[in-house]
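K.L.:
Take a look at this one; I'll ask things after.
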Amino acid sequence: MSLSSPLTIAWLGMVALAGVAFYGLLAVRNLIKLVIVLQILVKAALLGLVLAGATSGQVNLGQSLAATVIVADTVVAVIGLALAVQIKRRLGTLDVRDLSNLRG
Amino acid sequence: MLIALLILTAVAFAALALRARRLLTSTLWLAGVSAVVSVVFYLLGARQVAVIELSIGAGLVTVLFVFAISVAGEEAMGARPLLPGVLAWALSILAIGLLGWFVRSLAMPAPPSAEPAFSAMLWGQRGLDVLVQVILIFAGVLGLLGLLAEAKAPLEKSVAEAIMAERDRDLAAMQQRAHDIHREKEIV
């Protein structure tokens, strides 16, 4: 792949999208925002699957894998948000820092 | 070139979603990322997944986020991040480097002469994936029902607390009465 081809730039963009999400996972403290960051990470993974399909000429294989990932990702978002809402109701906070009861 | 431009837009939207102070703004930027990524899918030839991504990623998930934010509410967080800034940057640059190296050394197989259609691929060759999807959706719905059923607990807790408070009041009144009787006996 040459560096100037659109697919190469798309691959680089996919890595950058994943990088933004990696940084977010390490820096974000709000639980709901953490689920948003996970969504961004999964978008990068989806983009990777479809790009791999497009690069290797097997778009439909990439599509079928991406469809599975979309379903799993939606279930993760639903459960994550429900957990965040419950945590907010019971503990009164969404801050990840305040959730840890372990001291030592 | 359009694809590259769109992906760079998606990266910019993702960074804005990360930096947004309000959760609702962050959610809207995420919907933007989803919409742009679905256009990229369409341009790459993945038309079915583009439609699914647009309807689920930009539609359903955004509605879910707005619902969760309206229930849980916005919360102002302190400026201090979870990890020290330098460490977070170093770790994410390391992750980006590893991912870039992996992508660079990815050996793409030679394109097959004729690829089966999406439906044949999904239902025929990836039938197990479809089964897993059904199980996942079922587990997700069950999990959600379980979590939302627990939402009644605070109400029950408040009722229990009211009953306990009433019992405490009754107990205090009985103790007071017993104390008064004891005092009267002493006086007599």
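K.L.:
With springs only between Cα atoms under 10 Å apart, run a GNM on chain B and tell me which of B:A114, B:A172, B:A20 wobbles the most.
P.N.:
Largest GNM mean-square fluctuation: B:A172.
K.L.:
Here's a follow-up. Calculate how steeply helix B:153-187 sits against the longest principal axis of the alpha-carbon atoms of chain B, using the helix alpha-carbon long axis, and give the answer as 0 to 90 degrees to the nearest 10.
P.N.:
Approximately 10 degrees, to the nearest ten.
K.L.:
If one takes the longest principal axis of the Cα atoms in chain B, at what angle in degrees, from 0 to 90 and to the nearest 10, does the Cα axis of helix B:127-149 lie?
P.N.:
Between the helix axis and the principal axis of chain B, the angle is about 20 degrees.
K.L.:
Here's a follow-up. Run the dipole for the protein assembly as shown about the Cα centre, Lys and Arg Cβ at +1, Asp and Glu Cβ at -1, nothing else charged, and hand back the magnitude in debye, nearest 20.
P.N.:
On the way: 22 positive and 17 negative charges, 106 e Å.
The dipole magnitude comes to about 500 debye.
K.L.:
If you rank A:K43, B:K185, A:K33 by fewest surrounding Cβ atoms within 10 Å, what's the result?
P.N.:
Numbers: A:K43 28, B:K185 8, A:K33 24.
Fewest-to-most Cβ neighbours within 10 Å comes out as B:K185, A:K33, A:K43.
K.L.:
Go ahead and run the numbers for FRET between B:V141 and B:W89, Cβ-Cβ distance against an R0 of 41 Å, rounding to 0.05. If you can, show how the numbers build up before the last one.
P.N.:
Numbers: r = 39 Å, r/R0 = 0.96.
The computed FRET efficiency comes out at 0.55.
K.L.:
Tell me, B:V134, B:V39 in order of fewest to most beta-carbon neighbours within 10 Å?
P.N.:
B:V134, B:V39
K.L.:
Which FRET efficiency value, to the nearest 0.05, is calculated for B:V66 and B:V130 with the Förster distance at 22 angstrom and r the Cβ-Cβ distance? Don't jump to the answer; show the numbers that get you there.
P.N.:
Values: r = 30 Å, r/R0 = 1.35.
That pair, B:V66 with B:V130, gives E of 0.15.
K.L.:
Considering chain B as a Gaussian network with a 10 Å cut-off on Cα pairs, which listed residue, B:E74, B:E115, B:E166, attains the greatest mean-square fluctuation?
P.N.:
B:E166
K.L.:
Hey, what number do you get for chain B at 222 nm if only DSSP H runs of n ≥ 4 count, each worth -39500 (n - 2.57), divided across all residues, to the nearest 500? Let's see the in-between values first.
P.N.:
Details: 7 runs with 135 residues, N = 188.
Taking each H run of at least 4 residues, the total per residue is -24500 deg cm²/dmol.
K.L.:
Helix B:23-43 versus the longest principal axis of chain B: what is the Cα-based angle in degrees, 0 to 90, to the nearest 10?
P.N.:
20 degrees
We did not get these values from a lab; they are worked out from the coordinates using the rules stated. In this text the structure is predicted, and so the values were computed from the model without any measurement. We place every Cβ from the backbone using ideal geometry, glycine too, and count neighbours over all the protein chains shown.
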